[in-house]
Each structure stands twice: as C-alpha cells, then as structure tokens.
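Enquirer: Pasting a structure below so you can have a look.
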Amino acid sequence: MLAAEYVLGLLDLAERREAEARMRRDGAFSAEVQAWAERLAPLAEDVGEAAPSPEVWARIARELDRPDLAANDDQRALRTWRRLALGASGLAAASLAAVMLLLARPPEPAAQVAALTTPQGATALVVAFDPDTGALLVTPGPGLRAAGHTPHLWLVNPDGGVQLVGAIDPAKAVTHDLPPALSRRAGAASGLALSLEPPGHRPIDRPGGPTVATGEFADL
Amino acid sequence: MILSSAAPDEDGARRARLAQDLASTARGDREALERIYHATSAKLFGVCLRILREREAAEEVLQEVYLVVWRKAEQFEQGRASPVTWLVAIARNKAIDRLRERGGPRTEPLEAAASVADPAPRPDVVVEASDEYRRLSECLDALEPRHAGVIRTAFWEGVTYDRLAAREEVPAGTLKSWIRRGMLRLKACLEP
C-alpha cells in the first residue's frame with residue numbers, strides 16, 4: 001500500500017523521500033506507483049480548467065535560457081548517446097571511440113565516460129559522468145552477469161581507496177544525480193570498479209563480494 | 001464539471017500529439033514544449049488552483065511544472081503512460097509540495113475569494129465524462145461513503161495521515177485502515 005499512499009500524498013516527508021529512493025532502485029515498486037497514479041488520475045478530471053495569466057509562458061520561456069538548464073543539453077546528449085548505444089548494436093557501440101562519434105559535439109564541460117570491462121574483455125557497465133551537474137548515467141552491458149547478486153559501483157581513488165557510489169540496476173540504464181560531495185569524488189576518481197554483492201548485503205566502505213569489472217574515465 | 005466530450009479517436013489523436021511533443025521536448029525542442037503548454041496549461045492550472053487556492057502561488061507552481069517537463073520529458077514512458085496523467089501527476093505533486101512548504105491549506109479571506117477562478121466541480125455544466133472517470137466514480141461509489149470521502153480528500157488536500165486523521169476526528173490507525181481497505185477494493189474493482 002506504500003505506493004498508493006505515496007500517490008495520495010499521505011506519507012510524511014521522510015517517508016516520501018524513502019519511497020522516492022525506493023522508486024529509483026526498485027523497478028517493480030516504481031511501476032506500482034505509476035499504476036496507482038494512473039488509477040487515481042481521473043479524479044483530476046473533476047477540476048475545472050482555468051486560464052493562467054499570459055505572462056506565465058513568457059516567464060517559462062525566459063527560464064529555458066538559464067545556463068544551468070541549458071547545461072541539460074549535455075544531459076540530453078548523454079541520453080541520446082545512451083539511446084543510440086542501446087539501439088541495434090547494443091553496447092558494442094559503447095566503446096569510447098563510438099561514443100565520440102555518436103555525440104554531435106563534445107558536451108561542455110567535458111563529460112567523462114568509462115567502460116568497465118571484465119578480465120575477459122566483455123563490457124559489464126558503461127558509466128558517463130557530467131561533473132557539472134553531477135549526473136551519472138549507468139548503462140549495464142552484455143558482460144554483466146549478476147545472477148541474483150546486486151552489482152555495486154565503486155570509485156577508485158588516486159590513493160587506491162574505494163568509495164561506494166551505489167547499487168546498480170542490472171536490467172536498465174539509469175541516470176543518478178550524485179550529491180555534491182560524491183560528485184566531486186567522482187570527478188577526481190582514477191577509476192571505477194563493479195562488485196557483485198551477496199543478496200541482502202549492503203556494503204559500506206569496501207566490497208563484500210568479488211570485483212568483476214574495472215575501468216577508467218576518459219574525457220570526451 | 002468541464003470534461004472532455006471528445007470522441008475516442010479524437011481523444012487518441014490528442015494523446016498521440018502530446019506524446020509526440022513530449023518526445024520532441026526531450027530532444028530540446030522548445031516549440032514542442034510551448035505546444036504542450038498551450039494544450040495543457042488550463043487543466044494543470046485548474047489542478048494547482050484547486051490545491052493551492054491562491055492564484056499567485058498556483059502560477060508559480062505552474063511555471064515550475066513546465067520546467068520539470070522541460071528537464072524530464074525524456075522520462076515519460078512513450079506508449080505506456082497517458083501524457084495528461086503524467087502531467088497532472090507532476091502538477092499535483094508540485095502543488096502539494098508547495099502547500100506543505102507553506103504549512104498546509106490556507107483559509108482564504110472572503111474578499112480574496114472572488115479573485116480565484118473557482119476550479120471546483122460545477123454541477124450546472126453538462127458533461128460527458130471519460131470512460132476512466134466513470135469507472136473510477138463507480139468504484140468509489142461502491143466503497144463506504146466515508147472511505148471514498150477520505151480518499152478524495154487525500155488526493156486533493158495533500159495532507160499526511162496524521163493531519164487527515166485530526167481533521168476527520170478519527171485515530172490515525174482507523175484512517176489508515178480505511179484508506180488501505182478502500183484502495184485495495186478500488187484496485188480490485190478497477191481490474192476487470
């Protein structure tokens with residue numbers, strides 16, 4: 001019922017944030033929330049239409065020019081890359097050279113892309129990071145064999161230590177918005193690693209399972 | 001109530017255009033966003049007004065809603081979700097967030113009431129409701145009136161369990177069981 005309660009707005013702030021975090025990691029829960037939104041949406045038909053002042057659109061249009069929103073062109077480019085990369089050629093296209101070709105122009109500021117590969121050379125994960133917005137785009141690859149374990153992404157620091165980024169959904173590409181501190185770390189990382197954690201285990205400062213793939217960021 | 005009386009195929013065409021415009025917006029097409037605005041702002045403004053009951057705040061939230069659409073159009077699941085459902089959900093969520101920041105529903109002084117376009121249901125207007133609306137209404141009517149009532153109130157007022165329980169003058173536990181039972185029955189009723 002949490003999904004229904006979320007849609008109805010009955011949860012307090014902490015519960016809402018938890019539900020939102022769950023939606024980001026749990027596709028089934030997210031789908032349930034969506035289903036409830038659709039079930040209840042007709043209630044909104046009950047409301048009359050009303051005309052907003054004409055200035056409202058003008059204000060919206062002005063906001064679209066703002067630099068931090070314009071920077072979303074970069075996120076758009078990254079997403080376009082993802083869609084293209086996941087298209088016919090699957091992740092074969094996600095070699096860095098291919099990514100450079102697919103992007104119409106290098107995003108400004110430089111985005112970083114890493115392909116995490118297994119020792120056998122298969123691509124387990126492709127990670128694109130936009131240091132300016134903290135957006136981290138994570139795309140699972142054909143080399144990712146999770147088999148009931150939960151993949152977790154780690155930053156490898158220049159001093160060799162590791163920093164947990166978070167659990168990865170092996171089934172689909174996801175954009176994460178990293179909080180500022182983690183975003184800075186990601187910008188400074190010397191590499192990335194992917195571990196497979198035993199079911200139910202939530203690692204904190206070091207992997208609890210094998211590291212199955214590693215990679216390094218390269219600028220585009 | 002003012003509801004769409006469009007024939008199903010017209011409705012479908014409208015839906016398809018909106019979905020198409022959302023896809024274009026996701027690629028950075030401003031004119032597509034503007035088309036979405038013109039097609040949907042009256043409805044979304046109605047939603048914001050109903051929740052916030054105050055024009056200025058409703059307009060500010062409406063602006064924010066379209067900026068969210070601009071940034072997140074790509075998250076709209078083409079082919080699955082209804083565009084209007086998605087947009088209404090964004091508007092409702094934003095309006096409720098704003099309401100919560102403000103500290104809850106405000107009671108308007110009488111002289112301000114006239115300046116607010118009344119988005120409440122108007123029984124004098126003849127309507128043709130959508131199939132979904134009719135089905136949901138029937139299912140809600142099949143619930144205990146009090147249960148259906150709190151579900152509708154929760155939808156529009158955006159109050160948490162505790163506040164709603166206080167308003168309804170029932171213990172929070174009772175309210176929770178009304179809502180949960182009501183929602184389960186609603187789900188069962190809506191699923192054929």
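Enquirer: From the list B:T25, B:T85, which one is open to solvent by less than 70 Å² (accessible area, probe 1.4 Å), more than 17 Å from A:A51 (Cα to Cα), in contact with a Pro (Cβ under 9 Å, 6 or more places away or on another chain) and hydroxyl-bearing (S, T, Y)? Before you say what the answer is, go through the steps one by one.
Expert: Details: B:T25 fails: in contact with a Pro (Cβ under 9 Å, 6 or more places away or on another chain).
From the options B:T25, B:T85, the qualifying one is B:T85.
Enquirer: What about B:W86, is it at pLDDT below 95, part of a helix (DSSP H, G or I) and under 18 Å from the mean Cα position of the chain (by Cα)? Write out each step before concluding.
Expert: Working: at pLDDT below 95: yes; part of a helix (DSSP H, G or I): yes; under 18 Å from the mean Cα position of the chain (by Cα): yes.
In short, yes.
Enquirer: Looking at (1) within 9 Å of chain B (Cβ to nearest Cβ); (2) among the hydrophobic types (A, V, I, L, M, F, W, C); (3) buried (at least 17 other Cβ atoms within 10 Å of the Cβ); (4) free of Cβ contacts under 8 Å to residues at least 12 places away in the same chain, which is the one condition that is false for A:M23?
Expert: Failed condition: (1).
Enquirer: Can you name the helices (runs of 4 or more DSSP H) wholly within the range B:139-192 that have at least 1 residues being facing another protein chain (nearest Cβ under 9 Å) and more than 18 Å from the chain's Cα centre (by Cα)?
Expert: B:161-168, B:172-190
Enquirer: Cβ contacts < 6 Å: first residue more than 7 Å from every other protein chain (Cβ to nearest Cβ), restricted to the range A:36-49; second residue assigned to a helix (DSSP H, G or I) and of a type outside the set (G, A, S), any location; separation 6+ or different chain. Result?
Expert: A:W36/A:V7
Enquirer: Looking at (1) in a loop (DSSP other than H, G, I, E, B); (2) modelled with pLDDT of 85 or more; (3) aliphatic (A, V, I, L, M); (4) farther than 29 Å from B:R181 by Cα, which is the only condition B:A73 fails?
Expert: Tallying (1) in a loop (DSSP other than H, G, I, E, B); (2) modelled with pLDDT of 85 or more; (3) aliphatic (A, V, I, L, M); (4) farther than 29 Å from B:R181 by Cα, B:A73 fails exactly one: (1).
Enquirer: Then there is this: Mind counting the residues in the range A:161-188 that are open to solvent by less than 30 Å² (accessible area, probe 1.4 Å) and touching a Gly at 6+ places or on another chain (Cβ under 9 Å)?
Expert: The qualifying residues number 4.
Enquirer: If I ask for residues that are under 13 Å from the mean Cα position of the chain (by Cα) and of a type in the set (A, V, I, L, M), which ones from the range B:17-50 would you list?
Expert: B:A42, B:L44, B:V47, B:L49
Enquirer: Here is a further query. (1) surrounded by fewer than 18 Cβ atoms within 10 Å (Cβ to Cβ); (2) in contact with a strand residue (DSSP E or B) (Cβ under 7 Å, 6 or more places away or on another chain); (3) part of a loop (DSSP other than H, G, I, E, B): which one isn't true of A:R145, the others all being true?
Expert: Just one mismatch for A:R145, condition (2).
Enquirer: Just checking: which of the strands (runs of 3 or more DSSP E) contained wholly in the range A:156-199 hold 2 or more residues that are touching a Leu at 6+ places or on another chain (Cβ under 8 Å) and at pLDDT below 85?
Expert: Because the criterion is at least 2 residues that are touching a Leu at 6+ places or on another chain (Cβ under 8 Å) and at pLDDT below 85, the strands (runs of 3 or more DSSP E) in the range A:156-199 that meet it are A:174-177.
Enquirer: Now for a separate question. With (1) more than 7 Å from every other protein chain (Cβ to nearest Cβ); (2) open to solvent by 40 Å² or more (accessible area, probe 1.4 Å) as the list, and B:I36 as the residue in question, which single condition is left unmet?
Expert: (2)
Enquirer: With respect to A:R206, determine if the residue is open to solvent by 50 Å² or more (accessible area, probe 1.4 Å), more than 23 Å from A:R22 (Cα to Cα) and outside any strand (DSSP E or B).
Expert: no
Enquirer: Now, a different point. Which one of the conditions (1) modelled with pLDDT under 85; (2) open to solvent by less than 70 Å² (accessible area, probe 1.4 Å) does A:A37 fail to meet, given that it meets all the rest?
Expert: Answer for A:A37: the failing condition is (1).
Enquirer: From the set of residues in the range B:51-62 that are at the interface with chain A (Cβ under 10 Å from one of its Cβ atoms) and under 16 Å from the mean Cα position of the chain (by Cα), which is farthest from B:A32 (Cα to Cα)?
Expert: My answer is B:I51.
Enquirer: If the Cβ limit is 7 Å and pairs must be 6+ apart or interchain, which residue in the range A:117-140 that is touching a residue at least 40 places away in the same chain (Cβ under 8 Å) pairs with which residue that is of a type in the set (K, R)?
Expert: Matching pairs, first to second residue: A:L137/A:R82; A:T139/A:R82.
Enquirer: Next question, about the same structure. Being of a type in the set (A, V, I, L, M, F, W, C), open to solvent by 40 Å² or more (accessible area, probe 1.4 Å) and part of a helix (DSSP H, G or I) is the filter here; which residues of the range A:1-20 pass it?
Expert: Once the filter is applied, which keeps residues that are of a type in the set (A, V, I, L, M, F, W, C), open to solvent by 40 Å² or more (accessible area, probe 1.4 Å) and part of a helix (DSSP H, G or I), the range A:1-20 yields A:L2, A:L13, A:A14.
The values are calculated or read from the model by the stated rules, or taken from the named source; none is laboratory data. This is a predicted model, so every value here is computed, not measured. Note that we place each Cβ from the backbone using ideal geometry, even for glycine, and neighbour counts take in every protein chain shown. Just so you know, the surface numbers come from the protein's heavy atoms only, side chains and all, with ligands and any DNA or RNA stripped out. Shrake-Rupley method; radii C 1.70, N 1.55, O 1.52, S 1.80 Å.
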